[in-house]
Amino acid sequence: MSCNKIKIKILELLSKFCPFKSFRLLLKSYSKVCECAPEYSSEVGNALWKNYCLFKKYSGQYKIISLGWNCMPRTLTTHCLLKPSKGAGEKSMPFDLAGSPPKAVQHFLETDFSDYFSGVWSYDEKYKWWRNDPSNGAFYPHDKDCGPDDLEFLQKRFSARIANFREAVKFDGPILFVMHKVTNIFDRPTGHTREDFESVCREIARIRGNKPYKILIIASDHDETCTEISGASFVRHPYPDEKYTWHNYAERFTPAGVKYELGLYNIFRSELEELLRSSGVCGSR
């Protein structure tokens, strides 16, 4: 049996018996990386260890908050060990696991979510999820436990998430806000523009005032016409190909998918370190 296969077996055993859910998931994912992309296993392991050390050293001294457009910012900043998981006590917020176009995010920030529940809510029978007002385009693919008769329950859930967001943005320490830019979703153009993202940046600047923060926008699309967004750290990190679906396990756990996520792990850490240095939480290198 090769060394890599032995490593995979050990990781699989550890993932079954580790008492901490977040580490069980991490070990399980890492074993898949070793299996499907052994050429990247050392780099992924090194990146995860660096992220974990940064998180442990400055735990509670910073926050990472998703501003959409999809669930990637919340999911991968958690998977790469820089943001606590729900199981570790992290509270969910409204843009974490919803489809939230920048125009909708800007509107909800500007109005402090005052009309979040007054839009035209409709249940999408095709995808089996709820939508909030076609004019702002928010939708809820991770809340499929809420069927056609569960709108009241879904709205109560998001009322709590909005309260969590309002409280989190008051944090005196540094906050890294993360947004995801893509051109297409479900083979349809998103229609998101540079101005849409910049309007979100202006609202966050207003909300945070003099408190330290940074907005990181990850552009995973192959649109090379947009090279910067005012008010944000804009990083182009294209998908392996234009049809790539980052949340599809069959695509994630391939050499190309692992390489893509490894790049994100390092980007997230680098941007967070810069924020912590600029805000005086940690010293310069």
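The values are calculated or read from the model by the stated rules, or taken from the named source; none is laboratory data. Fair warning: this is a prediction, and the values are worked out from it, not measured in the lab. Every residue, glycine among them, receives a Cβ derived from its backbone with ideal geometry; neighbour counts consider all protein chains shown. Accessible surface is based on the protein model in full, side chains and every heavy atom, while ligands, DNA and RNA are left aside. Shrake-Rupley method; radii C 1.70, N 1.55, O 1.52, S 1.80 Å.
Listed values, structure above:
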read-out: Residue among ASN132, ASN164, ASN184 that is within 17 Å of the chain's Cα centre (by Cα) and either closer than 23 Å to VAL200 by Cα or open to solvent by 10 Å² or more (accessible area, probe 1.4 Å) (or both); value: ASN164
read-out: Any chance PHE158 is under 18 Å from SER92 (Cα atoms), out of contact with any strand residue (DSSP E or B) (no Cβ under 8 Å at 6 or more places or on another chain), among the hydrophobic types (A, V, I, L, M, F, W, C) and open to solvent by 40 Å² or more (accessible area, probe 1.4 Å); value: no
read-out: Region 108-129, subset buried (at least 20 other Cβ atoms within 10 Å of the Cβ) and modelled with pLDDT under 95, residue farthest from ASN70 (Cα to Cα); value: TYR116
read-out: Residue satisfying condition, being without any contact (Cβ under 8 Å) to a residue 24 or more places away in the chain and within 30 Å of TYR58 (Cβ to Cβ), within set SER278, SER233, SER270; value: SER270
read-out: Complete set of residues in region 143-166 that are without any contact (Cβ under 8 Å) to a residue 60 or more places away in the chain and either in a loop (DSSP other than H, G, I, E, B) or among the charged types (D, E, K, R) (or both); value: ASP143, LYS144, ASP145, CYS146, GLY147, PRO148, ASP149, ASP150, GLU152, LYS156, ARG157, ARG166
read-out: Number of positions in region 245-279 that are open to solvent by less than 20 Å² (accessible area, probe 1.4 Å) and more than 17 Å from the chain's Cα centre (by Cα); value: 2
read-out: Residue within region 199-222 that is open to solvent by 40 Å² or more (accessible area, probe 1.4 Å), modelled with pLDDT under 95 and not in a loop (DSSP other than H, G, I, E, B) present; value: no
read-out: Selection within region 62-76 - in contact with a helix residue (DSSP H, G or I) (Cβ under 8 Å, 6 or more places away or on another chain) and either free of Cβ contacts under 8 Å to residues at least 60 places away in the same chain or within 22 Å of ALA205 (Cα to Cα) (or both); value: TYR62, LYS63, ILE64, ILE65, SER66, LEU67, GLY68, TRP69
